[in-house]
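The values are calculated or read from the model by the stated rules, or taken from the named source; none is laboratory data. The structure displayed is predicted, hence computed values, not measured ones. Positions of Cβ are generated from backbone atoms using ideal geometry, with glycine treated the same way; all protein chains shown enter the neighbour counts.
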Amino acid sequence: MKFSMQWIQELVPGLDVPAAELEQLITVRTAESEGVERAGALLEGARVARVLSAEPVGKLTRALVDIGEGEPITVACGAPNCRAGMRTVWVPVGVKNVGGIESNGMLASAAELGLGREDEGIIEWSSDTIDFAPDSILEIDNKSLTHRPDLWGHLGMAREVAAITRENLKDPVDLALLPKGSDSFNVRVDDYVLCPRFSVVTFEDVRIAPSPLWLQYRLESLGLNPINNVVDITNFVMTELAQPMHAFDRDKLRGDRLIVRPAFEGEGLLALNGEEYVLSAADGVVADGERAVSLAGIIGGKGTSITEETTNIVFESANWNASQIRKTSARLKLRTDASMRFEKAQDPANTVRALARAIALMRVVCPEARIGGRLTDDYRALPEPQTIPLKLDVLDRKLGRIVPPDEVREILERLAFKVRDAGLHLFEVTVPTWRATKDIAEPDDLVEEVGRMIGYDTIPPEPPRVACTVPPDDPKRVWYREIRALAAARGYTEVYNYSFLSDEQFQRFALSPDDALRVLNPIASDQNLLRTSLIPGIFANLELNRKHFDAFRLFEIGREIHNLTPAMPREIPHLAAAVYAADGDGRSGLFELKLLLLAIAAEARVEPTAEVLPYEHPARTATIYIGDSVVGRLFEAHPSMIEGRAAILNLDLERTLDLRPQQQPFQPIPKFPSSAFDISVIAPLREYSAALETRIREFAGSLLERIEFLREYSGPQVSEGMRSMTYRITVGSPERTLSSDEINAVRDRIIEGVRGLGHETRT
Amino acid sequence: MEENLAELERDSVSAIAAATSPDELEAIRVRVLGRKGGALAEISKGMGKLAPEDRARLGKLLNQAKAAIESALESRTAEFESAALTARLDAEWLDLTLPPAGVKPGALHPLTQIQQEIEDLFRSMGFAVLDGPEVEDEFHNFDALNIPPDHPARDMQDTFWLTGGWLLRTHTSPVQVRGMERYPLPLRMIAPGRVFRNESVDASHEHTFYQLEGMMIDRDVSVGNLIYFMQTLLTEVFHQPATVRLRPGFFPFVEPGFELDIRCLICGGSGCAVCKHSGWVELLPCGLVNPNVLRMSNIDPDKWNGFAFGLGLTRLVMMRYAINDIRLLQSGDLRFLNQFS
Ligand SMILES: [Zn+2]
């Protein structure tokens, strides 16, 4: 929203603060300013100029002009209307050679001066003086005005400025101008929720013409197109009072009545912007006897709009339901200056104020027009004035600073609140109508009014006085942090991947789209599913980084999101880690990851699996268990997926944490020495070591303290297709030193057992 | 006999001095001092034939000669040992400027690092660190935060809507609500996490970014307390005293609501391109918790109040490391990420 500094100054006559400073004050007291622009910059030093002679030179004119002081000067001018005897405006832009003419300054068009749209020729000037000066335009961030319907007009901002600078505010509205007398026009409101208030005045004998320059200048400098006097008046009032208005050509309305009603399903309207809209019963319209003539609160219809031939007009000034306007505007993708304001919940008291202001402007701009009959003003009930109790001690405690009651009162009154003493430390505060629609409803809202006006910089920072309590700890978070530290120490770099995947990725990684939540409004068509696995992201990381590195490690801790609608989705934290090497046989990467796994969960078991996914190496894939539960997978990427060797660990952290054993009490250190012996088992190459170890444990019996895998070997001395696996068996007893007979008995049992499995042993 | 002794001593000492290896030295020792057949032993054998007074005198001389020879042997041995040690030390020259073998540490993501720092800071001040779901319902993401159904924040262009009526949380604020549902009062909590906005991605915009929500509910929490925490937080994060200012900002879940600006760390407030010549950089929205939000969570706003803030972790990381392209953070590119080890 743009604000004209000159306009604010008209409403706050005592204001004596430069725009750059005012901008800062508004930012820290009211709403965020995005900067100050200059409008009408060329008006600086502009003079009324009489063209003494005009001599064509090629396509240009060499004009000799009198600028009211000194000798006449020569100006080159390309405008077709440049002629001897005319009065126009000269602007000092320096001396330069234009088309062979030594030109001093330039003659300006209305558009160049910022005084209107006209840019066909230089401006025709009738006055002896130029009563315009460059203006500063403050640009205020619309988002910071969301809750302030009043700040969508200059008067609202002027009120803030007056309060901040302790100057007086001048209200431009004179309600006495509202006409009395017999009814001129009928209105019927069918839906007071849609339209709480609908107010109308009419004018006859209107002559449509361009607006005077001062009016055009105001609109132009705020980025609004001047169109004609009547339309410009509606825009001026909207920009001043935040109340959008609409003007109809009365002679194009069929019948004597405007009806406010929901649109008929499929009803059409050709709007002022030339678009044809098809409406539904959820939209509101203003209709005449036969058809919709305006889309309520958003845009007028073309068929009944003001044209150069118009002589009788109807001014509409209505109040519309904010969420209704918002919905229609969103559905039709049509945001207008009017809809933006009505969306903010405008003040119903403002409709007649706007009409009074429009009447005042008509008297100046169209003095020959006659007002037709009295004000037509239809409403059911206007909201009662709202009062809020404000406890001053609560105010001080919430701000963290004492504000003297007189200062509180002054601040609120300057913002047009009414303040009444209602007891000890208690004010009863009445909210002005334009703040009551959705902004101010509670004492806390008043705390904000006082806080921003005293300035938050006057509140000292202070630590709170609170109980010294230990916050609850989240074991998950503590553990994730340990895992991150562990992984980083072991050479893994942490990545963050997006939560989105594509249908194509789901297919490639054999994920079921039925298990996933789908994004209804994705940014791109390849980001339309929520990830149910971290693995596709990890593969993308591998593919990217292998272009730059021969070997690397990375990991991510992130959430899989599984669809369980109607229940809440399940978000399962996972660790995905990968070791990549362009060369080598791939073994070390897998075992490195296994080591990481065991560092995270020592009780995890890596077991062979028959069910292999298409992106996994079929002979290098394992399932990870804790107890009987599957908690993850360890695998090498299938060679068709990536060049080189990529080992990948995928671990369900939630389940792993749940299954982690409790910390056990310590075991005493054995009092009696234990004994150890080694046994090598010659087994077929693909016999799994872990399975063999389990059997050895069974054979060894209760005296076994531990089994340690020492080495594997295949080659000379071991038959083709076989390998030797050597284990160190440690036996002992807490009660005594074992005799050699007892030790030998254990060894013999193991040897016998292993042979029973069909394997040779060596000791 | 006396002469023999003197000669033996002289010869031995000079032979010891001339020895060139420990082996040669050992040979001399055996030849001179050997218990059987050593030269000294031979001389002492002849002593039995002497008169007792001569025997005593010669015995003394013999001991003197033995001691002299032993001492010469000992010092020559020490010389050899010291030379050997010197030679070994020299031979063991090692180039310690070589890079070590083995795996070099990886790096934690810069967002993780800054998040952990801030978590530690707030834990030290008694705040619990909470987690919440990334997929939310409308109630927790909007209604419970005093964002009514027709508020602009619910527009299709801001929120990712999902099948089943779910949505991706647009801020970490729903964790406030879940915190109030779950924990007794008074409550001090922060909630870091991933949030989503339906926005096209470019160097300064992301659809996925990271926030850290904070909330404190107690008996008398003031704007002054909020300023204290924010100043402490930012001083810690930027490792230098931070000056902050509050100005009005509208967020439905706080009242009063603020935008918090930090005095520009680049120019110190005199104005530069980073702060758009204003001397201030907009950093985070905050405010006192709106009574409606408390009521929605069944908390009596006449008895309890509090503050809340939403810190943009992504933005903080970009400021701290002067990162000029937000997309790098989720690129998975190790050329970028390895810089943070
Ligand atoms: Zn700066």
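Please go through the range B:258-278 and give me each residue that is more than 10 Å from chain A (Cβ to nearest Cβ), assigned to a loop (DSSP other than H, G, I, E, B) and more than 6 Å from the ligand (Cβ to nearest atom), ordered by number.
The answer is B:Leu265, B:Gly268, B:Gly269, B:Ser270, B:Ala273.
Determine if the range B:240-254 includes at least one residue that is without any contact (Cβ under 8 Å) to a residue 12 or more places away in the chain, under 19 Å from B:Gln176 (Cβ atoms) and not charged (D, E, K, R).
Checked against the condition, which is being without any contact (Cβ under 8 Å) to a residue 12 or more places away in the chain, under 19 Å from B:Gln176 (Cβ atoms) and not charged (D, E, K, R), the range B:240-254 yields at least one hit.
Output yes when any residue across the range B:148-162 is facing chain A (nearest Cβ under 7 Å), in a loop (DSSP other than H, G, I, E, B), in contact with a Ser or Thr (Cβ under 6 Å, 6 or more places away or on another chain) and over 16 Å from B:Val129 (Cα atoms), and no when none is.
yes
Tell me, yes or no, whether the range B:330-338 has at least one residue that is more than 9 Å from chain A (Cβ to nearest Cβ), more than 16 Å from the ligand (Cβ to nearest atom) and in contact (Cβ under 8 Å) with a residue 12 or more places away in the chain.
Looking through the range B:330-338, none of the residues is more than 9 Å from chain A (Cβ to nearest Cβ), more than 16 Å from the ligand (Cβ to nearest atom) and in contact (Cβ under 8 Å) with a residue 12 or more places away in the chain.
Checking the structure you have, find out if any residue of the range A:621-633 is over 23 Å from A:Leu596 (Cα atoms), touching a residue at least 24 places away in the same chain (Cβ under 8 Å) and surrounded by fewer than 20 Cβ atoms within 10 Å (Cβ to Cβ).
No, the range A:621-633 has no match at all.
Checking the structure you have, find out if any residue of the range B:197-207 is part of a helix (DSSP H, G or I), facing chain A (nearest Cβ under 8 Å) and of a type in the set (A, V, I, L, M).
The answer is no, given that none of the residues of the range B:197-207 is part of a helix (DSSP H, G or I), facing chain A (nearest Cβ under 8 Å) and of a type in the set (A, V, I, L, M).
So in the range A:443-459, with the set limited to residues that are touching a helix residue (DSSP H, G or I) at 6+ places or on another chain (Cβ under 6 Å) and at the interface with chain B (Cβ under 7 Å from one of its Cβ atoms), which one is nearest to B:Gly179 (Cα to Cα)?
The selected residue is A:Asp444.
Go through B:Phe336, B:Phe307 for me and flag whichever is assigned by TED's automatic domain parsing to the domain that holds B:Gln240 and surrounded by 22 or more Cβ atoms within 10 Å (Cβ to Cβ).
B:Phe307
When the residues of the range B:279-292 are filtered to those that are at the interface with another protein chain (Cβ under 9 Å from one of its Cβ atoms) and either within 18 Å of B:Phe229 (Cα to Cα) or under 29 Å from the mean Cα position of the chain (by Cα) (or both), which remaining residue is farthest from the ligand (Cβ to nearest atom)?
B:Leu288
For the range A:468-577, list the helices (runs of 4 or more DSSP H) that sit wholly inside it and hold at least 3 residues that are surrounded by fewer than 19 Cβ atoms within 10 Å (Cβ to Cβ), within 7 Å of chain B (Cβ to nearest Cβ) and free of Cβ contacts under 8 Å to residues at least 40 places away in the same chain; which are they?
A:475-489
Hey, among the residues in the range A:19-42 that are more than 20 Å from A:Ile459 (Cβ to Cβ) and facing another protein chain (nearest Cβ under 10 Å), which one's farthest from the chain's Cα centre (by Cα)?
Here the residue is A:Glu23.
Working only within the range A:24-55, note down all residues that are buried (at least 18 other Cβ atoms within 10 Å of the Cβ) and over 27 Å from A:Ile130 (Cβ atoms).
Those that are buried (at least 18 other Cβ atoms within 10 Å of the Cβ) and over 27 Å from A:Ile130 (Cβ atoms): A:Ile26, A:Thr27, A:Val28, A:Arg29, A:Thr30, A:Ala31, A:Glu32, A:Ser33.
Determine which member of the set B:Phe229, B:Phe238 is assigned by TED's automatic domain parsing to the domain that holds B:His171 and more than 16 Å from the ligand (Cβ to nearest atom).
B:Phe229 is the lone residue from the list that is assigned by TED's automatic domain parsing to the domain that holds B:His171 and more than 16 Å from the ligand (Cβ to nearest atom).
Out of the range A:398-441, which residues are buried (at least 18 other Cβ atoms within 10 Å of the Cβ), more than 20 Å from A:Leu169 (Cβ to Cβ) and among the small types (Gly, Ala, Ser)?
Once the filter is applied, which keeps residues that are buried (at least 18 other Cβ atoms within 10 Å of the Cβ), more than 20 Å from A:Leu169 (Cβ to Cβ) and among the small types (Gly, Ala, Ser), the range A:398-441 yields only A:Gly400.
Among the listed residues A:Thr146, A:Thr165, which satisfies the condition of being under 23 Å from A:Ile325 (Cα atoms) and either crowded, with 21+ Cβ neighbours inside 10 Å or in contact (Cβ under 8 Å) with a residue 12 or more places away in the chain (or both)?
Of the residues listed, the single one that is under 23 Å from A:Ile325 (Cα atoms) and either crowded, with 21+ Cβ neighbours inside 10 Å or in contact (Cβ under 8 Å) with a residue 12 or more places away in the chain (or both) is A:Thr146.
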